[in-house]
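The values are calculated or read from the model by the stated rules, or taken from the named source; none is laboratory data. Everything numeric in this text was worked out from a predicted model, so none of it was measured. Note that we place each Cβ from the backbone using ideal geometry, even for glycine, and neighbour counts take in every protein chain shown. Areas reflect the complete protein model, heavy atoms only, side chains present, ligands, DNA and RNA absent. Shrake-Rupley method; radii C 1.70, N 1.55, O 1.52, S 1.80 Å.
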Amino acid sequence: MPIQRVYLDERASDYSEALSSYKGKAPSYRVLLYPHRSLPRGGFVIFIAVTCAMMALPLLALVQTSAFWGLLPFLVITVAAVWMFLMHSYRTGQLVEELSLWPDRITVVRRNPNGTLQTWQTNPYWVEVISHDTPVPHYLTLRGGPREVELGAFLSPGERVELKEELEEHLRFLAATQQ
């Protein structure tokens, strides 16, 4: 599932994959969002092996003919292209968004596939969770302060609805405990 909830009882820095921390305290709510990849690495190896075997099977009848050498480059190019596109898919899947909520701070840290970090933070009292119908159904943004940031654009519509409800519930609870 592309939504991973992180529960911490101690310092935020104890979580080795944390992208953000605030005054060394654990957030009251933290969620990691990442794109879903349906083909795991082990399945990738099997897929490429089966693809190579299935493409080589018709070539067996053409061994020691000039047609073999005419078809071989196209089959190699096809397997190389499939490999390249799947590797690109894995690289884009390294995107991670971390939303952390403290009583006086909310942060969204996005680690892009190229390793750059984008951060946004504000006071949770002013945050508004907004659901748009464009560019995708139930597109989520957080508005607070001078900027509006997207959240989980790569999630399915159902996952975005679930995340919106969960985040609104945590923000309401936080606002109620502050009064």
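Among strands (runs of 3 or more DSSP E) lying entirely in segment 1-106, which contain 2 or more residues that are at pLDDT 85 or above?
Answer list for segment 1-106: 29-33, 96-102.
Among what's in segment 167-179 and is touching a residue at least 40 places away in the same chain (Cβ under 8 Å) and either over 17 Å from V6 (Cα atoms) or hydroxyl-bearing (S, T, Y) (or both), pick the residue that is least open to solvent (accessible area, probe 1.4 Å). Full working, then the answer.
Initially, segment 167-179 is screened for residues touching a residue at least 40 places away in the same chain (Cβ under 8 Å), giving 167, 170-171, 174-175, 177-178.
Applying the additional criterion that residues be either over 17 Å from V6 (Cα atoms) or hydroxyl-bearing (S, T, Y) (or both) yields 174-175, 177-178.
On the way: L174: 17, A175: 37, T177: 77, Q178: 112 Å².
Per the stated criteria, the residue is L174.
Give me the pairs: first residue in segment 146-160 and under 18 Å from V127 (Cβ atoms), second residue surrounded by fewer than 17 Cβ atoms within 10 Å (Cβ to Cβ) and basic (K, R), beta-carbon distance under 9 Å, and six or more apart or on different chains, which are they?
V149/R143
When the residues of segment 48-87 are narrowed to those that are under 27 Å from P2 (Cβ atoms) and in contact (Cβ under 8 Å) with a residue 24 or more places away in the chain, which ends up most open to solvent (accessible area, probe 1.4 Å)?
The extreme case among them is W83.
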